[in-house]
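The values are calculated or read from the model by the stated rules, or taken from the named source; none is laboratory data. Remember, it's a predicted structure, so these values are computed and weren't measured experimentally. All Cβ positions, even for glycine, are placed from backbone atoms using ideal geometry, and neighbour counts span all protein chains on display. For the accessible areas, the whole protein counts, side chains as well, though only heavy atoms, and no ligand, DNA or RNA atoms are used. Shrake-Rupley method; radii C 1.70, N 1.55, O 1.52, S 1.80 Å.
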Amino acid sequence: MKRASLITLLLISSFGGLHSASAMDYPLPPAGSRLIGQNQTYSIQEGDKNLQAIARRFNTAAQLILETNNTIAPVYPAPGTVITIPSQMLLPDTPREGIVVNLAELRLYYFPPGENIVQVYPLGIGQLGLETPVSTTRVSQKIPNPTWTPTAGIRARSLAQGIKLPPVVPAGPNNPLGRFALRLGIGHGEYLIHGTSAPDSVGLRVSSGCMRMNAPDIKALFAQARVGTRVQIINEPVKFSVEPDGRHYIEVHRPLAQIEGENPQTTPIIHNADFASFASQEGNDKALIDKALTRRAGIPVAVSAGNGPSANSAVLSVQNNRVSAAVTEGEQDVVMQ
């Protein structure tokens, strides 16, 4: 067992897609492949604030961690608890161009033009009844230091909660839009990808339809995306792939609730024709597919025939990168097992 320095961690990150509090850059997989990254494990420390803070450290969403680790305390997991960080995934079945948002997995993918990488960011999205729309559009405007003009509906909802919003919130650290915003060409321009003054809201369904990102993430995206960048927003809780080596994978997320009180762990998932075709292919183990659809672990699961329980972990993950991170103030050490 070796203890790696921060420099070693950064070297590991360049290959495995592990970044702490920064963008997660993954090399694009070869033609015909959609599998990227490796999962990691992290041991909860005494000084960890909450699950949201841990999620920000690994630049993922707390909801995604809870999907993968469905037996831990949802806000304050006990110190010593070992959790899986879901940093392995299948790319969405979309063109590898511009910005791709998959609402069901609370992730934004950015494909920098001319580069053989994809950047993956956690995302906050529209709440029930104020959903972020599925669409294909473009970035229509880049807005540094945006002001916020709450709509009449937002002001009325806030007033019902005892909060009186001003007509306009000026740019600054308390602005709900953060320091950067990308306006999308949807509707009348009311939908934005922006920062936030409430970082714990990233990775949740809490907005009025806009998409919110952590401050370092929107800063990085804003610097790269241009006006006219393609933006595709999908809502696909199930992703699947037949890899070039012949292995079959499925990645299942909890679907977004459609009615108040709906349980996304048990809500039926409506499958499209492409998934039906994948599931019926020779070489699949139907029992493993059914298990993955029930468990909804939010990470790729090998479902090829012959991949029994010994081939998948307790959370149905594959190819885990067993990394336990012990974090102290100003220093991060990683134990490679």
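Restricting to the range 178-213, and then to whatever is among the aliphatic types (A, V, I, L, M) and over 24 Å from Asn50 (Cβ atoms), can you tell me which residue is nearest to the chain's Cα centre (by Cα)?
Selected residue: Ile193.
So, Gln127, is that one modelled with pLDDT of 90 or more and touching a Lys or Arg at 6+ places or on another chain (Cβ under 6 Å) or not?
Details: modelled with pLDDT of 90 or more: yes; touching a Lys or Arg at 6+ places or on another chain (Cβ under 6 Å): yes.
Criteria met by Gln127.
What tally of residues in the range 275-298 results from selecting those that are under 23 Å from the mean Cα position of the chain (by Cα) and open to solvent by 60 Å² or more (accessible area, probe 1.4 Å)?
Quick first cut of the range 275-298, residues under 23 Å from the mean Cα position of the chain (by Cα) only: 275, 289, 291-298.
Among the residues that remain, those that are also open to solvent by 60 Å² or more (accessible area, probe 1.4 Å) are: 291, 294.
Residues flagged as under 23 Å from the mean Cα position of the chain (by Cα) and open to solvent by 60 Å² or more (accessible area, probe 1.4 Å) within the range 275-298 amount to 2.
If I filter the range 48-67 for residues that are open to solvent by 50 Å² or more (accessible area, probe 1.4 Å), at pLDDT below 95, part of a loop (DSSP other than H, G, I, E, B) and not hydrophobic (A, V, I, L, M, F, W, C), do I get at least one hit?
Yes; the residues of the range 48-67 include at least one that is open to solvent by 50 Å² or more (accessible area, probe 1.4 Å), at pLDDT below 95, part of a loop (DSSP other than H, G, I, E, B) and not hydrophobic (A, V, I, L, M, F, W, C).
Could you run through the range 125-158 and say how many residues are open to solvent by less than 70 Å² (accessible area, probe 1.4 Å) and under 15 Å from Leu108 (Cα atoms)?
Number satisfying all stated conditions: 7.
I need the full set of residues from the range 72-97 which are part of a loop (DSSP other than H, G, I, E, B) and farther than 30 Å from Leu28 by Cβ, in order please. Quick ask: steps written out before the conclusion?
Going through the range 72-97, the residues part of a loop (DSSP other than H, G, I, E, B) turn out to be 72-81, 86-87, 91-97.
Across the range 72-97, the qualifying residues are Ile72, Ala73, Pro74, Val75, Tyr76, Pro77, Ala78, Pro79, Gly80, Thr81.
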